[in-house]
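The values are calculated or read from the model by the stated rules, or taken from the named source; none is laboratory data. Remember, it's a predicted structure, so these values are computed and weren't measured experimentally. Here the Cβ is made from the backbone with ideal geometry for all residues, glycine too, and neighbour counts use every protein chain on show. Please note that ligands, DNA and RNA were not included when accessible areas were found on the heavy atoms of the full protein model with its side chains. Shrake-Rupley method; radii C 1.70, N 1.55, O 1.52, S 1.80 Å.
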Amino acid sequence: MLWERPVAAPPLPRTVELLVFRGVRALDPASQLDAVVDVVIERGTITRVGPGAAEGLLGVEGAQLVDGTGKWLLPAFVDLHAHLREPGHEYKEDVHSGLNAAAAGGYAHVCVMPNTRPVNDTRAVTELMVSRAREHGGPTLHPIGAITKGQQGQDLTEMAELRDAGAVGVSDDGVCVMSAAVMRRALEYARNFDLPVIQHAEDHTLTAGAHMHEGVVSAQLGLKGWPRVAEDIIIARDVLLAEYTSARYHAAHISTFGAARIIAEAKSRGLPVTAEVTPHHLLLTDGAVVGYDTACRVNPPLREEQDVAALRRALADGTIDAIATDHAPHSPLEKDVEFAEASPGMMGLELCFGLLVQLVGRDGLTLARLVDAMSQAPARVIGIEPPRIREGARAELTLVDPQARWIPAERRLQTKSLNSPFLKSELGSKILMTLAHGAIVFDEVGATT
Amino acid sequence: MTEPRQRHLLGIAGMSREVALSLLDTAKVFLEVTRRPVRKVPTLRGKTVLNLFFEASTRTRTSFELAGKRMGADVVNISASTSSTTKGETLHDTVATLDAMHADVVVIRHSASGAPHIVAQRSRAAVINAGDGMHEHPTQALLDAFTMRQHLGDDLSGKVVAICGDILHSRVARSNALLLPLLGARVRLAGPRTMLPHRARDLGWEVYDRIEPALEGADVVMMLRIQRERLGAALFPSLREYSRVWGLTGQRLALARPGALVMHPGPLNRGVEIAGDVADGPHSVILPQVEAGVAVRMAALYLCAGESGPPTAQE
């Protein structure tokens, strides 16, 4: 070696012999736990939960104590929908930077969409993602394989092999499976392997060349409209196909009041249909596009007040199962361009909880439902063990300071890309610590012994 | 280093009635200049105007070029056929390059809506929008209003203007629909449903899917150019049918007020949106519109680059 780099032992991930959260408000929606308790974790497993559970452990050699006064301890978050850009677009994000961002955002599990280069339609790509994540050791990465080869909408991928390599679902995300016949076969085939089929619902014949939501604002700005009906048509069709095939169907990032209505109707008939929504579709309308801010170009596009209101109600009542970030990092090459030329998407892993916690108490949204939608409900969608706060569970936890207020632009973010309209917004609730698979993967507490 | 200029002309949206009227009044003075034997004033001597056209245009570019030259500015035409993305250059770099050339005014024509706005956010030069995508074409609307005032009198209050054709994709219609109400006129927009904005009434626009009711009693009839490429997008079945249902014929023109003006931003599709005899007839002010274009663009350049103090006819 001509030169030597100072090698510091990576402090994270770190498994702790004995980790104690003392006097923390612990919230576990699955067991209706919401109480101030002590939580004891021994070698990555939760061993005691309850008032006074930490007694007698405080002086133990090697024990780490976290004073939980005024803090919340939540089951760690699960993201159904992130783009970590590796392989192919590592200048925007890679598995390591993306998992750092996920850990800082309170996530223990991240599902990664297949629209990489090459597309994740083979075992080789799936394995690459998984092995890069293992190297990192942070939040667990779950690949979503493509439904069709090359996301071309024609030939099904080898779903059995993708599943063996680690895929937890299939999606042609970014591209809708337009052919009803292909979608029917995909639902039937994926059912063999218990993989949910995740649809990006967009009738491309109705959205060719579209830049933003079709409405008054698109007419004023002279931008080509993406009508709501293009989403609703596909979700309605897919619900019928899911019913016909009895297969598991998951609607990605729904954005319209119509989609929420169709999902509610499907659920009322007991169909195996689930749905997710992004933070930006719960917080912004097409009005944010005035001024041609390309950070607000997303797909599906930002809609109108009535859509936002319907999505918030649907989240609160459980019609929408899960929050998904649709974390989509882009560099200035894709965003510092004409609006019509800009790539759609915004990053979001580090901002999601801080943005959405501000909705608690509005439109019927409880903290327990928000936590469920960010953690346990998405885990159920992909069939992984949901993070829990109970004795015997593997420690997958997020410690939150609910009093903190912070502005993303003032912090060093972990993601490589800063494409977000929320950079200068004030967010609530800072993530202080994240545990994934029993290990500390993010730590801003500076836990003391 | 000069301070960043804020006086851009990006659109009619956000423009006050006072600024609009001042532009139109200033243009009158410049119209007189363009009719002199020596059509030149030194108002912008030493100033640099960059005509940055990302989209092909002969009329508008020539009009801005003449406007700049008649005011003594150095005018440079840059035709850039590609957007920033195809070049792999960010808009920020494009703007920085232009600023480094010390342009006083950058006139931008771009096929992407909002491109001049993004440039203006960071440019030190004043930016004039010479047409952006399907968004706005403010100097076209100003020259249309200028032409109306020349023929109908300065006060356009209560005048009825029917704009007919592809409203959805027309930046001319959009800018006129904003400017004319500012001046007191009433705008009717007519075209096939496939070429009207979805829920156009929510915009506060008065829309018609047939041309006849829109023409009734109108003081001005403005026909928009039909883009033949829309045929492929299945927005209308054939030029023949378009012409038969939405074309301006002498017979249809008779529905308008006697002496109504016929306008068209050009170039014309004779026999499609407008019959040849109507375009050349006594009602037509299509060529005066072109003349007004130079005067209005002189006023726009003056607004954005001129020193303080109004120009005088004696200058």
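Below are the figures for this structure:
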{"item": "Subset of segment A:329-342 [more than 9 Å from chain B (Cβ to nearest Cβ) and in contact with an Asp or Glu (Cβ under 8 Å, 6 or more places away or on another chain)]", "result": "A:Pro329"}
{"item": "Filter result for B:Arg149 (more than 9 Å from chain A (Cβ to nearest Cβ), among the basic types (Lys, Arg), touching a Leu at 6+ places or on another chain (Cβ under 7 Å) and closer than 19 Å to B:Ala300 by Cβ)", "result": "yes"}
{"item": "Top-ranked residue in segment B:8-28 [being away from chain A (no Cβ under 13 Å), open to solvent by 50 Å² or more (accessible area, probe 1.4 Å) and of a type outside the set (Lys, Arg); ranked as nearest to A:Val290 (Cα to Cα)]", "result": "B:Val19"}
{"item": "Any hit, segment B:143-151, residues being open to solvent by 10 Å² or more (accessible area, probe 1.4 Å), aliphatic (A, V, I, L, M), on the phi < 0 side of the Ramachandran plot and touching a helix residue (DSSP H, G or I) at 6+ places or on another chain (Cβ under 9 Å)", "result": "no"}
{"item": "Residues satisfying the stated conditions in segment A:177-199, i.e. within 16 Å of A:Leu240 (Cα to Cα), open to solvent by less than 50 Å² (accessible area, probe 1.4 Å) and outside any helix (DSSP H, G or I)", "result": "A:Val177, A:Ser179, A:Pro196, A:Val197, A:Ile198, A:Gln199"}
{"item": "Selection count, segment B:112-143, where residues are facing chain A (nearest Cβ under 8 Å) and among the charged types (D, E, K, R)", "result": "2"}
{"item": "Scope segment B:91-111; condition more than 21 Å from B:Met71 (Cβ to Cβ) and either modelled with pLDDT under 80 or more than 9 Å from chain A (Cβ to nearest Cβ) (or both); matching residues", "result": "B:Leu91, B:His92, B:Thr94, B:Val95, B:Ala96, B:Thr97, B:Asp99, B:Ala100"}
{"item": "B:Leu215 vs. criteria at pLDDT 95 or above, more than 14 Å from every other protein chain (Cβ to nearest Cβ) and open to solvent by less than 30 Å² (accessible area, probe 1.4 Å)", "result": "yes"}
{"item": "Failed condition for A:Thr274, given (1) touching a residue at least 60 places away in the same chain (Cβ under 8 Å); (2) open to solvent by less than 30 Å² (accessible area, probe 1.4 Å); (3) not in a strand (DSSP E or B)", "result": "(3)"}
{"item": "Entirely in segment B:41-133, the helices (runs of 4 or more DSSP H) that have 3 or more residues that are in contact (Cβ under 8 Å) with a residue 60 or more places away in the chain", "result": "B:59-70, B:115-120"}
{"item": "Any hit, segment B:225-246, residues being under 17 Å from B:Asp280 (Cα atoms), touching an Asp or Glu at 6+ places or on another chain (Cβ under 8 Å), crowded, with 18+ Cβ neighbours inside 10 Å and at pLDDT 95 or above", "result": "no"}
{"item": "Within segment A:224-247, considering residues that are open to solvent by 20 Å² or more (accessible area, probe 1.4 Å) and of a type in the set (Val, Ile, Thr), the one nearest to the other protein chains (Cβ to nearest Cβ)", "result": "A:Val229"}
{"item": "Matching residues, segment A:12-58, being among the small types (Gly, Ala, Ser), surrounded by fewer than 18 Cβ atoms within 10 Å (Cβ to Cβ) and assigned to a loop (DSSP other than H, G, I, E, B)", "result": "A:Gly52, A:Gly56"}
{"item": "Given (1) touching a helix residue (DSSP H, G or I) at 6+ places or on another chain (Cβ under 7 Å); (2) farther than 22 Å from A:Phe257 by Cβ, number of the condition A:Ile320 does not satisfy", "result": "(2)"}
{"item": "Any hit, segment B:227-238, residues being more than 23 Å from B:Asp132 (Cα to Cα) and in contact with a Gly (Cβ under 7 Å, 6 or more places away or on another chain)", "result": "no"}
{"item": "The one condition in (1) assigned to a strand (DSSP E or B); (2) open to solvent by 50 Å² or more (accessible area, probe 1.4 Å) that B:Val262 fails to fulfil", "result": "(2)"}
{"item": "Residues (out of contact with any Phe, Trp or Tyr (no Cβ under 8 Å at 6 or more places or on another chain) and either more than 21 Å from B:Leu203 (Cβ to Cβ) or open to solvent by 30 Å² or more (accessible area, probe 1.4 Å) (or both)) located in segment A:207-223", "result": "A:Ala208, A:Gly209, A:Val216, A:Gln220"}
{"item": "Those residues of segment A:378-414 which are open to solvent by less than 10 Å² (accessible area, probe 1.4 Å) and not in a strand (DSSP E or B), in sequence order", "result": "A:Pro378, A:Ala379, A:Val381, A:Pro387, A:Ile389, A:Ala395, A:Glu396, A:Pro408"}
{"item": "Lone unmet requirement of (1) surrounded by fewer than 17 Cβ atoms within 10 Å (Cβ to Cβ); (2) in contact with a strand residue (DSSP E or B) (Cβ under 6 Å, 6 or more places away or on another chain); (3) of a type outside the set (Phe, Trp, Tyr) for B:Gln251", "result": "(2)"}
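Each row is one residue, and each column tells you yes or no for (1) touching a residue at least 60 places away in the same chain (Cβ under 8 Å); (2) touching a helix residue (DSSP H, G or I) at 6+ places or on another chain (Cβ under 9 Å); (3) within 14 Å of chain A (Cβ to nearest Cβ).
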site	(1), (2), (3)
B:Arg171	no, yes, yes
B:Gly191	no, yes, yes
B:Leu203	no, yes, yes
B:Arg210	no, yes, no
B:Ile226	yes, yes, no
B:Ala234	no, yes, yes
B:Ser238	no, yes, no
B:Gln251	no, no, no
